[in-house]
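Participant: Before anything else, here's the structure in question.
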Amino acid sequence: MTKIVIAPDKFKGSLSGLEFCNIVEHSILKHCNTVEIIKCPLADGGDGTVDALNFHINGHREEIRVHDPLFRPINTSYLLSADKHTAFIEMSAASGLRLLAPGELNPLNTSTYGTGQLIKDAIDKGARHIILGIGGSATNDGGLGMACALGYRFFDASGKTLKGIGSDLQLLHEIDNHDVHPQLKDVRFEIACDVDNPLYGPYGAAFVYAPQKGADSETIAQLDAGLKNYQRIVKDQLHLDLQSIKGAGAAGGLGAGCIAFLNGELKSGIELLKNIADFDNKIKDADWLITGEGKLDRQTFAGKVIKGITDSLSTQKLAVFCGVSELSQNELTHYSIKYLDAISQYAQSNNDSVLNAGMYLEMAAESFALSVLK
């Protein structure tokens, strides 16, 4: 009997990882009933991470009202394990780009305060191990906002309290940790991060990621200068060299903030998810691994879900269903992809592919079943 493990990322804006699994499973079983299928949705720490985790653990969604990146109240949630000892939080649920309209994007004004509120709630409910995914941010505040929600206070040179937004980085002069949440020191933080950018500089948080958050060249320069000042203050007062840590620039410097204020450990998001899902054991005797994500390009293999899957390959053959592929045949061979199909080959337009991704994925999966498994 052929064993197939279906282990996708989400199709952003179209399908969750579990929806992908269900569609592909149904499409294959329609034509091949002599297969064993294991569903294993994955994520890399960005949007969709909690949904994927919820499939693998016996958890409960905790609903909570927090502040969005512009300090407006919103309803959101995080995942708490049944024993309440472990919480799984997506920063994008409170501080994500998806929460803002295009005209609202400006990382000088946005804050991770809502992420800190999610963390505080989890600690108050008993969590002593928190896995925090930091992809998809609308922020470039170095984690100041998050820290404010946990009791840290930040001051400018005149002693004025800072709010915890991107523009405050340049003003930061003093860090006060006297009123920090008393249980914070007892919590182990693992930070799911899929990039290794430094805090500042040409490859840092502002220059690489702030443009997609609404920053023009002047704003980027201001944010980068702020991150340099932030590094200097943290080094002087907390004795940490954030610039030397890979991934400190993730999520607008939230990677750095998690190290400085949570004593967190930055880890590969996909590796964290694979461990929780017991992925390597599930695929041991599999014939095929089927995975997918919206766009397949070289960036896919820089810490994303499919890179994590290829790292685990041994004898299994890898099939990829994606929205669109920008890889050449040589690159597909290099990355051990034995079978590829893209929704763009079925859809009439990009908008059509997004709106009808499920229908086209079903067609692609049926084609795979008929041409490969029959």
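Quick note: the coordinates plus some simple rules give every number you see, no bench work behind them. Note that the structure is predicted; figures quoted are calculated from it, not measured. As a convention, Cβ positions derive from the backbone with ideal geometry for all residues, glycine included, and neighbour counts pool all protein chains shown.
Participant: Roughly speaking, what is the centre-to-centre gap between segment 74-90 and segment 114-162 when only Cα atoms are used, to the nearest Å?
Facilitator: Answer, in whole Å: 16.
Participant: May I ask you to list the trypsin sites (Lys or Arg not before Pro) in segment 154-190 that are in a DSSP loop and have at most 12 other Cβ atoms within 10 Å of their Cβ?
Facilitator: Passing sites in segment 154-190 are Lys160.
Participant: For a quick check of your reading of the filter: which trypsin sites (Lys or Arg not before Pro) in segment 109-138 sit in a DSSP loop and have no more than 16 other Cβ atoms within 10 Å?
Facilitator: Taking segment 109-138 and a limit of 16 other Cβ atoms within 10 Å, the loop trypsin sites (Lys or Arg not before Pro) found are Lys125, Arg128.
Participant: If you take the beta carbon distance between Glu331 and His60 as r and set R0 to 51 Å, what does 1/(1 + (r/R0)^6) give as a FRET efficiency, to the nearest 0.05?
Facilitator: So the FRET efficiency works out to roughly 0.75.
Participant: Distances longer than 23 Å among the Cα atoms of segment 175-261: what percent of all pairs is that?
Facilitator: 26 percent
Participant: Setting aside same-chain residues fewer than 8 positions from Lys160, which aspartates and glutamates have a Cα under 16 Å from its Cα?
Facilitator: Filter leaves Asp168, Glu174, Asp176.
Participant: Something else: Show which lysines lie in cross-link reach of Lys228 when reach means a straight Cα distance below 16 angstrom and same-chain residues fewer than eight apart are skipped.
Facilitator: In chain and number order, the partners are Lys246.
Participant: Projecting each Cα onto the charge dipole of the chain (Lys/Arg +1, Asp/Glu -1 at the beta carbon, about the Cα centre), which of Gly126, Asn54, Phe20 comes out farthest on the positive side?
Facilitator: About the Cα centre, the residue reaching furthest to the positive side is Gly126.
Participant: Quick one: what do you get for segment 49-269 if you divide its Cα Rg by 2.2 N^0.38 Å?
Facilitator: 0.93
Participant: Could you check the simple spin-label distance between Gln183 and Phe155, using points 7 Å along Cα→Cβ, in nm with one decimal?
Facilitator: 3.0 nm
Participant: Continuing with the same structure: Based on the Cβ-Cβ distance of Asp241 and Thr315, what FRET efficiency does E = 1/(1 + (r/R0)^6) give at R0 = 45 Å, to the nearest 0.05?
Facilitator: Between Asp241 and Thr315 the formula returns 0.55.
Participant: Per residue, what volume in Å³ does the convex hull of the Cα atoms of segment 1-133 enclose?
Facilitator: In segment 1-133, the Cα hull volume divided by residue count equals 115 Å³.
Participant: Take the Cα coordinates of the chain, assign each an equal point scatterer, and use the Debye formula without solvent to give log10 I(q)/I(0) at q = 0.11, 0.15 Å⁻¹.
Facilitator: -0.76, -1.24
Participant: Any idea which of Val187, Tyr209, Pro73 is furthest toward the positive side of the dipole for segment 49-269, if Lys and Arg beta-carbons carry +1 and Asp and Glu beta-carbons -1?
Facilitator: Farthest towards the positive pole: Val187.
Participant: State which entries of Lys120/Lys304; Lys10/Lys304; Lys30/Lys284; Lys213/Lys274; Lys3/Lys374 exceed 19 angstrom in Cα-Cα distance in the structure shown.
Facilitator: Check vs 19 Å cut-off fails for Lys120/Lys304; Lys30/Lys284; Lys213/Lys274.
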